[in-house]
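Have a look at the structure below, then the notes.
Any read-out appearing in this document is the output of simple, stated calculations on the displayed coordinates, not a laboratory observation. Remember, it's a predicted structure, so these values are computed and weren't measured experimentally. When we count neighbours, we look across all protein chains shown, and the Cβ atoms used for this are built from the backbone with ideal geometry, even at glycine.
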Amino acid sequence: MTKVLLADDHPMIRTAIDVLLRDSAFELAGTATTGEETLAAVAELDPDLVILDLQMPRGHGMDVVRKLRSNGDSRRLIILTAGIDDPSLVEARAMGVQGMVLKNSDPAYLLDCLERVRAGGIWIDPELSERLSQIAVTGGRRALAPRERQLIKFVRQGLRNREIARELGVTEGTVKAYLHEVFDKLGVKNRTELAIRADEFLAGSFPVS
């Protein structure tokens, strides 16, 4: 059995993954809810693989990745997150994170990722893989992912977070996370400004450097 450590501060996510791993080739050896707990659990449990959320108290997921890699720890890592910005996405790949899965993806994606990573391969969520390709093409400039463009269109239409969540098949919390990433990427302060400048952003005429 492959020992897995799950680092995520959301009880529902921990329960769902516990159920998902039952009767699989993966054993949930332990869980952690903060960055500090994750590092301690890695040292104590010595898992074969770590499933790591990015947004956790007392230690961002990327801080955990940096700490492990700086200590020479090359164990297999999978990021499971509601959203990730372009700099973190690029850094995660550069630091040898072998798997990345979005929380709103099909649960089967996580099992596929686990299997591929356990076998020594790399598995990146299709949406994130496309973003990495865009970043490579644009020389590291920040391009809008398809889902981000879709989100901007919904905001332009005046849809509320609940309505957007229904359209995308995700939670309102995930929509909020996406929105904040888009705000940061485009340099806007709120959804009103995003709606007003939506046509400009969708046309690609905004500064991306």
Inset, instruction - Just need the relative contact order of the chain here, percent rounded to a whole number, with Cα pairs under 8 Å and 6+ apart. - result: 14 percent
Inset, instruction - Pop a pseudo-label 7 angstrom from the Cα along the beta-carbon direction at both L159 and T192 and give the gap in nm to one decimal. - result: 2.3 nm
Legend entry - Förster radius 35 Å - calculated FRET efficiency between L20 and D184 (Cβ-Cβ, nearest 0.05): 0.65
Legend entry - Among K189, K176, K153: highest mean-square fluctuation, GNM of the chain, C-alpha pairs under 10 Å: K189
Legend entry - Principal-axis tilt of helix 11-21 within the chain, Cα atoms, nearest 10 degrees: 60 degrees
Inset, instruction - Provide the FRET efficiency to the nearest 0.05 for the D85-E27 pair, computing r from the beta carbons and using R0 = 41 Å. - result: 0.80
Inset, instruction - Considering only G173, G35, G72, give the residue with the highest GNM mean-square fluctuation for the chain, with springs between Cα atoms whenever their separation is below 10 Å. - result: G72
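Does the chain come out rounded, prolate or oblate by the C-alpha gyration tensor, with a ≥ b ≥ c the root eigenvalues, rounded set by a/c under 1.5 and, if not, prolate when a/b is larger than b/c and oblate if not?
Numbers: a/c = 2.08, a/b = 1.72, b/c = 1.21.
Verdict is prolate for the chain.
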Legend entry - 25 °C / 0.890 mPa s Stokes-Einstein diffusion coefficient of the stretch 146-203, Kirkwood radius on C-alpha pairs, µm²/s: 221 µm²/s
Inset, instruction - Past 18 Å, Cα to Cα, is the threshold; run K103/K176; K67/K103; K67/K185 against it and keep the listed order. - result: K67/K103; K67/K185
Legend entry - Qualifying trypsin sites (Lys or Arg not before Pro) for the stretch 39-69 [loop in DSSP, other Cβ within 10 Å: at most 10]: none
Inset, instruction - Would you mind telling me which residue in R147, R131, R118 has the biggest mean-square fluctuation in a Gaussian network model of the chain, where springs connect alpha carbons within a distance under 10 angstrom? - result: R147
Inset, instruction - For n ≥ 4 DSSP H runs only, could you compute -39500 (n - 2.57) per run for the chain, divide by its residues and tell me the 222 nm figure to the nearest 500? - result: -15500 deg cm²/dmol
Inset, instruction - Evaluate the relative contact order of the stretch 146-203 (contact order divided by residue number), counting alpha-carbon pairs under 8 angstrom at least 6 apart; express in whole percent. - result: 42 percent
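Does the stretch 75-160 come out rounded, prolate or oblate, given a ≥ b ≥ c as the square roots of the eigenvalues of its C-alpha gyration tensor, rounded meaning a/c under 1.5 and, failing that, prolate meaning a/b above b/c? Intermediate results must be reported in sequence, preceding the final value.
Values: a/c = 2.68, a/b = 1.50, b/c = 1.78.
In terms of gyration-tensor shape, oblate.
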Legend entry - Taking the stretch 74-163 and dividing mean pair separation by its residue count, relative contact order in percent (alpha carbons under 8 Å, at least six apart): 23 percent
